[in-house]
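The values are calculated or read from the model by the stated rules, or taken from the named source; none is laboratory data. Quick caveat: nothing in here was measured; it's all calculated off a predicted structure. All Cβ positions, even for glycine, are placed from backbone atoms using ideal geometry, and neighbour counts span all protein chains on display. Surface areas here come from the heavy atoms of the whole protein model, side chains and all, with no ligands, DNA or RNA. Shrake-Rupley method; radii C 1.70, N 1.55, O 1.52, S 1.80 Å.
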Amino acid sequence: AAIGVPVTTLPLAVLRRRYMTPRGIWDVARRARSSVDAVLRTIDRNDVALVHSHTSTVLTGARVAAHLGVPHVWHVSEIVEHPRIVRYLLSRMIARSTDRVVAVSEAVRNHLSTTAPAIRGKCEVIFNALDTRPYRAGSTATARARLDLPSGPVVGMIGRVGTMKGQEVLLAAAPAILRDHPDTTFLLVGGVLNKRTADMDRLRTLATTLGVASRVRILGFDSDIVAVLAAMDVVVQPSVRPESFGMTVLEAMASGKPVVAAAHGGVLETVRDGETGLLVSPGNAPELAGAINRLLSDPALRERMGAAGRARVEAEFGLAPFREGYLRVYRELTGLA
């Protein structure tokens, strides 16, 4: 809106994780009909050359494009593994109802095409992008003062609290890390979905049970990610299920921080093991502790990996290739210059 682009906000049918059942998908598809009508009432068909749907959870765009007789691009940024019937139905639906699929990573493209092979012929990867400039401005001293962190190394994690991101794995690794580096603070930043405060309580209980609560700071959502990352020495992404891309990893690298991440999903395409960070087996707390201890014991290694990560993000995940990739897709589908 700030640059003069017309923006209209409408309530659309969205496929949430809690609807990931055959009946749930049917209900969302039924509600999508009213969403289509609402969109068609809002837009002028003479002004629309293409419809772009962002994420596979929004089903309205494909039907709007079909109604208008214009090309449809489906930008997919999820890996839906379970239930299997939902994975199957969603992949097949995407394959049948779009002209081009843009996946945010090879992991997403492989996931979709394994279930619906027809997707591969119309699918390409355009990595998510990041404006790296703000991430150079973070001050470690200022950030730690803002969060009232004690002295010593800070191992941090950013992610919504739930069952996927792996906060429990990091907490399970904490005792072994504290044996080697007893002044370490563990900083967990992220909110909960649908006000599920029990998820946050579960983490606090686990930290107490493991005897590490005094060294753990569990915060809620924080909008100043640049400052949060500036406070950290090592950034951890221990997801127990594969991330489609892992934007936090990119932000950490842009901040010049070494990353320790679970070796699956889109992270395999962003983190270069031994160069910009360290990859560990998903769900393996002892291996995670070993990788973090290695970095905490070697400040020079942290510095080298952080610098290499920042250089890689600036060279390969900046705004220019993202913008050029989408403009090319739009031009190919519409024939417009």
Report task. Give me the distance in nm between label points sitting 7 Å out from Cα along the Cα-to-Cβ direction at R160 and A137, one decimal. Result -> 2.8
Report task. Calculate, in nm to one decimal, what D148 and I85 gain on full extension: separation in residues at 0.36 nm each, minus their alpha carbon distance. Result -> 18.0 nm
Query raised in the report: If you take the square roots of the eigenvalues of the alpha-carbon gyration tensor of the range 56-209 and sort them as a ≥ b ≥ c, do you get rounded (a/c under 1.5), prolate (a/b over b/c) or oblate?
Result: prolate
Report task. Using a 1.4 Å probe over the heavy atoms of the protein chains, calculate the carbon and sulfur portion of the accessible area of the range 42-194 as a whole percent. Result -> 51
Query raised in the report: What is the chain's relative contact order, in percent, from Cα pairs under 8 angstrom and six or more apart in sequence?
Result: 15
Report task. Let me know the charge dipole size of the chain about its Cα centre in debye, to the nearest 20, where only the beta-carbon of Lys, Arg (+1) and Asp, Glu (-1) is charged. Result -> 1080
Query raised in the report: So what does log10 I(q)/I(0) come out to for the chain at q = 0.11, 0.15 Å⁻¹, using the Debye formula with one equal point on every Cα and no solvent?
Result: -0.79, -1.27
Query raised in the report: So how do 131-143, 245-257 stack up, highest first, on mean other-Cβ count within 10 Å?
Result: 245-257, 131-143
Query raised in the report: Helix 106-115: angle to the longest alpha-carbon principal axis of the chain, degrees 0 to 90, nearest 10?
Result: 50
Query - Of all DSSP beta bridges in the chain, antiparallel share, percent nearest 5 - result: 5
Query raised in the report: Cα convex hull of the range 186-246: mean projected area in nm², to one decimal?
Result: 5.2
Report summary line: Taking a probe of 1.4 Å and leaving out DNA, RNA and ligands, the chain shows per residue an accessible area in Å² of 47
Report summary line: From DSSP H assignment alone, runs of 4+ in the chain each adding -39500 (n - 2.57), the sum over residues rounded to the nearest 500 puts [θ] at 222 nm at -14000 deg cm²/dmol
Requested in this report: Could you point to the residue in N110, A95, C123 farthest towards the positive end of the range 85-150's charge dipole, with +1 and -1 charges on the Cβ of Lys/Arg and Asp/Glu respectively?
Outcome: A95
Report task. Putting +1 on Lys and Arg Cβ atoms and -1 on Asp and Glu Cβ atoms, find which of T60, L301, V189 reaches farthest to the positive end of the dipole of the chain. Result -> T60
Requested in this report: Could you let me know the centre-to-centre spacing of the range 184-199 and the range 243-283, using Cα atoms, in angstrom?
Outcome: 20
Requested in this report: Please report, largest first and rounded to whole Å, the three semi-axes of the ellipsoid equivalent to the range 223-269, where each semi-axis is the square root of five times an eigenvalue of the C-alpha gyration tensor.
Outcome: 19, 10, 9
**Report entry** Nearest-20 debye value, the range 163-229 charge dipole, Cβ charges on Lys, Arg, Asp, Glu
**Finding:** 200
Report task. Using R₀ = 35 Å, calculate the FRET efficiency as 1/(1 + (r/R₀)^6) where r is the Cβ-Cβ separation of A2 and A311; round to 0.05. Result -> 0.70
**Report entry** Binned Cα-Cα distance frequencies in the range 30-73 - 5 Å width, integer %
**Finding:** 5, 25, 35, 26, 8, 1
Query raised in the report: Per residue, what volume in Å³ does the convex hull of the Cα atoms of the range 199-332 enclose?
Result: 137
Report summary line: Ordering 108-118, 167-177 by per-residue average of other C-beta atoms within 10 angstrom, highest first, gives 167-177, 108-118
Report summary line: Taking every alpha carbon pair in the range 243-311 and sorting the distances into 10 angstrom bins from 0 up to the bin holding the longest one, the percent per bin comes out as 24, 55, 21, 0
Report summary line: Looking only at lysines whose Cα falls under 19 Å of K195's and that sit 8 or more positions away or on another chain, we get K165
Report task. List every residue whose amide H lies under 5 Å from the amide H of Q237, counting only residues 5 or more places away in sequence or on a different chain, with H placed 1.01 Å from N in the peptide plane. Result -> V260, A261, A262
Query raised in the report: Farthest toward the dipole's positive end in the range 249-321, which of L279, P258, F317, given Cβ charges of +1 (Lys, Arg) and -1 (Asp, Glu) about the Cα centre?
Result: P258
Requested in this report: Only Lys, Arg, Asp and Glu count, each charged at its Cβ (+1, +1, -1, -1), so figure out the dipole size of the range 46-147 about its Cα centre, rounded to 20 debye.
Outcome: 260
Query - Linear extension gain, H181 paired with T55, 0.36 nm per residue minus alpha-carbon span - result: 41.2 nm
